[in-house]
Amino acid sequence: MELRQLKYFIKTAETLNFSEAAKALFITQSTLSQQIRQLESELDIPLFQRNSHSVALTEAGEELLPHAQKTLRSAETCFDRIRDLRSLLTGTLNIGVTFTFSPILTETLLTFMKKYPEVKLNIFYKTMEELMEMLGKREVDFVLAFKPTRRYEEIESHILFDNHLSAIVSSRHPLANRHSVSLSELEQYNLALPSKGLQARNTFDTILSKTDHTFKVKIELNEVNILLKLIRESNLVTILSEATIHNEEGVHAVPLNVPEYEMEGCIHTLRNAYRKHSALEFIRMLSESNAIRERIRNWM
């Protein structure tokens, strides 16, 4: 049994499609089929049920899958350790970021790139659900996002700062000088909301599910930069975390008067996985950045 065969088996089990799995693995379908057959021959039991229309895991395949995934993760951790020891702070660092964390991340990105020019950075901006899936598949080294409302068994969340869910308004808006705003008061204004699936929207929807408030939603967007531009140039109100507007001019955050729904900014890592030196250094820099210190001061 080879690690390569386990990798092929896992991808095929995930897709349940030999053609898609082969494309994802950058091999031919015939090569994939041959390797799966060799694995089945060595185990002396079929792992997939195949017909002209579909592919499904057998009982043996279902049993093998979690063990194969664990074995492959252990092997990758071993490789990561050796590569890290040899290269120290070189190589590639893959970071997953929700859209809200973008302004907080910029300072650390610039500092890290200047200090460690040999490290290539890959930054992925996606929704929380997409990033957690990528982290589980080891496609990113860590994720910067607020604490999720659901529990992920294989993922650890380390709190960086606490943060308010806020009404974001233009600096000229009547609410701009308020210290907080209630949901009842928000009913007076037209809203431009982040799309469903973005974390601030998910939190806001959870709050609303326990009330009978009705809001005038004029537009929904999944692009935060455009959303903030709309807010600057109109009397619309949006709902985002306070951290979203770090270093943004022309807008103001007014905390919602719903204190039980504070949002905790976190670094999410894969439980029991090896952490690259570059990842640990980046996280250290981020924790000590002015952006994070400002969030902590504002909370205190």
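Within region 229-251, the residues that satisfy the criterion of being at pLDDT below 90 and in a loop (DSSP other than H, G, I, E, B) are His246, Asn247, Glu248, Glu249. Note on region 232-246: among residues that are over 11 Å from Ala167 (Cα atoms) and more than 26 Å from the chain's Cα centre (by Cα), the one that is surrounded by the most Cβ atoms within 10 Å (Cβ to Cβ) is Arg232.
Restricting to region 1-13, give me the number of residues that are farther than 15 Å from Glu63 by Cβ, touching a Leu at 6+ places or on another chain (Cβ under 9 Å) and part of a helix (DSSP H, G or I). So the answer is 6.
Yes or no: region 255-270 includes at least one residue that is of a type outside the set (Lys, Arg), closer than 16 Å to His173 by Cβ, touching a strand residue (DSSP E or B) at 6+ places or on another chain (Cβ under 7 Å) and touching a residue at least 12 places away in the same chain (Cβ under 8 Å). Within region 255-270, one or more residues are of a type outside the set (Lys, Arg), closer than 16 Å to His173 by Cβ, touching a strand residue (DSSP E or B) at 6+ places or on another chain (Cβ under 7 Å) and touching a residue at least 12 places away in the same chain (Cβ under 8 Å). Among all residues of region 146-162, there is at least one that is of a type in the set (D, E, K, R), touching a residue at least 60 places away in the same chain (Cβ under 8 Å) and touching a Lys or Arg at 6+ places or on another chain (Cβ under 6 Å). Which numbered condition trips up His268, out of (1) surrounded by fewer than 22 Cβ atoms within 10 Å (Cβ to Cβ); (2) under 18 Å from the mean Cα position of the chain (by Cα); (3) in a strand (DSSP E or B)? Answer for His268: the failing condition is (1). If you go through region 182-190 one residue at a time, do you hit one that is over 16 Å from Asn235 (Cα atoms) and in contact with a strand residue (DSSP E or B) (Cβ under 6 Å, 6 or more places away or on another chain)? No, every residue in region 182-190 fails to be over 16 Å from Asn235 (Cα atoms) and in contact with a strand residue (DSSP E or B) (Cβ under 6 Å, 6 or more places away or on another chain). Once region 271-300 is narrowed to residues that are under 19 Å from the mean Cα position of the chain (by Cα) and not in a helix (DSSP H, G or I), the residue that is modelled with the highest pLDDT is Arg271. Of all residues in region 25-53, exactly one satisfies the criterion of being surrounded by fewer than 16 Cβ atoms within 10 Å (Cβ to Cβ), acidic (Asp, Glu) and part of a helix (DSSP H, G or I), namely Glu42. When Phe26, Phe18 are checked against the criterion of being of a type outside the set (Asp, Glu) and on the phi > 0 side of the Ramachandran plot, Phe26 stands alone in meeting it. A single entry from Ala56, Ala24 fulfils the requirement of being farther than 15 Å from Lys7 by Cβ, of a type outside the set (Asp, Glu) and in the same structural domain as Lys7 (by TED's automatic domain parsing): Ala56. Among residues of region 215-228 that are at pLDDT below 85, those with a beta-carbon under 6 Å from a residue that is in a helix (DSSP H, G or I) and not polar (S, T, N, Q) at least six positions away or on a different chain give the pairs Val224/Phe99. Acidic (Asp, Glu), over 25 Å from the mean Cα position of the chain (by Cα) and over 20 Å from Glu129 (Cβ atoms), is that true of Glu249? Criteria met by Glu249. Within region 106-159, count every residue that is over 21 Å from Ser241 (Cβ atoms) and among the hydroxyl-bearing types (Ser, Thr, Tyr). Number satisfying all stated conditions: 2.
The values are calculated or read from the model by the stated rules, or taken from the named source; none is laboratory data. Quick caveat, the model's predicted, so the values are computed rather than measured. A quick note on method: Cβ atoms are made from the backbone with ideal geometry, for glycine too, and the neighbour counts reach across all protein chains shown.
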